[in-house]
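Have a look at the structure below before the remarks.
The values are calculated or read from the model by the stated rules, or taken from the named source; none is laboratory data. This is a predicted model, so every value here is computed, not measured. Neighbour counts are summed over all protein chains in view; Cβ atoms, including those assigned to glycine, are modelled from backbone coordinates with ideal geometry. Heavy atoms of the whole protein, side chains included, go into the accessibility calculation; ligands, DNA and RNA do not. Shrake-Rupley method; radii C 1.70, N 1.55, O 1.52, S 1.80 Å.
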Amino acid sequence: MNRRETIKKIAASAFLAGATAVFSACSPGRPQFRGIDITGADYAKDFRLTDFDGRPRTLADFRGKVVALFFGYTQCPDVCPTTMAELAQVKQKLGADGDRLQVLFVSVDPERDTPEVLKAYMGGFDPGFLGLYAGSPEQLATLARDFKVYYKKVEGKTPESYTVDHTAACYVYDPQGRLRLYSRYGTPVDALAEDVRLLLGGA
């Protein structure tokens, strides 16, 4: 299976996981988001991770901001840097409200993504973006199950050159810390920026 097919399968499985919430989002009077509305989903409600400065973090730390949470790894050749670059563009498009968007990058590569590596990587996109990591592989696996996120190590030509197949999308939370949107890889920057504006406005 090639990378493109893998990413499509990952996105499709995550879409089906939130299908019930998506259908309910079609009710009259609900905000017309461009992303997939999963308001009311009973998963991905919180986390306990550590940021690259060694501080413990939970979703409550970011109340008052829209949070875009993405699972990835720093040596990803395509999806991760593209997504981070696009989220940096979203923040810029928000203008004065840009500081009310918090991007969180959760590493699925504990072997290579040290705090130092995560800090340097995130700083390359925006100084306000945070890299987070789990305390152990077991904690990461539990978190991934709770968030319905897929990741799998794919061996390379050398032990150090492996890649990681992973879910390619963001979970988006409103300023009250409620899970609201599933933003698939490839969502236009303008569309995601508009969704963030709606959430910041109380949608």
Inset, instruction - Would you please state the base-10 log of I(q)/I(0) at q = 0.14, 0.20 1/Å for the range 52-95, with intensities from the Debye formula using one equal scatterer on every alpha carbon? - result: -0.46, -0.88
Legend entry - Within the accessible area of the chain (1.4 Å probe), percent carbon and sulfur: 52 percent
Inset, instruction - Please go through the range 130-174 and write out the trypsin sites (Lys or Arg not before Pro) that DSSP classes as loop and that have at most 16 other C-beta atoms within 10 Å. - result: Lys157
Inset, instruction - Counting other Cβ atoms within 10 Å, keep those with at most 15, restrict to DSSP loop, and tell me which GluC sites (Glu not before Pro) in the range 100-203 are left. - result: Glu111, Glu155, Glu160
Inset, instruction - Would you please give the residues with an amide H less than 5 Å from that of Arg180, counting only those at least 5 places away or on a separate chain, with H modeled from the backbone geometry? - result: Val172, Tyr173, Asp174
Legend entry - Fraction of the pair-distance distribution of the chain above 22 Å, Cα-Cα pairs, percent: 45 percent
Inset, instruction - Report the paramagnetic label zone for Ser136: residues of the range 50-75 whose backbone N is under 16 Å from a point 7 Å from Cα along the Cα-to-Cβ axis. - result: 50
Inset, instruction - Please give the length that would be gained between Gln176 and Arg55 if that part of the chain were fully extended, namely 0.36 nm times their separation in residues minus their C-alpha to C-alpha distance (nm, one decimal). - result: 41.4 nm
Legend entry - Tally of Lys pairs whose C-alpha atoms are under 24 Å apart, taken over the chain, 8 or more apart or cross-chain: 19
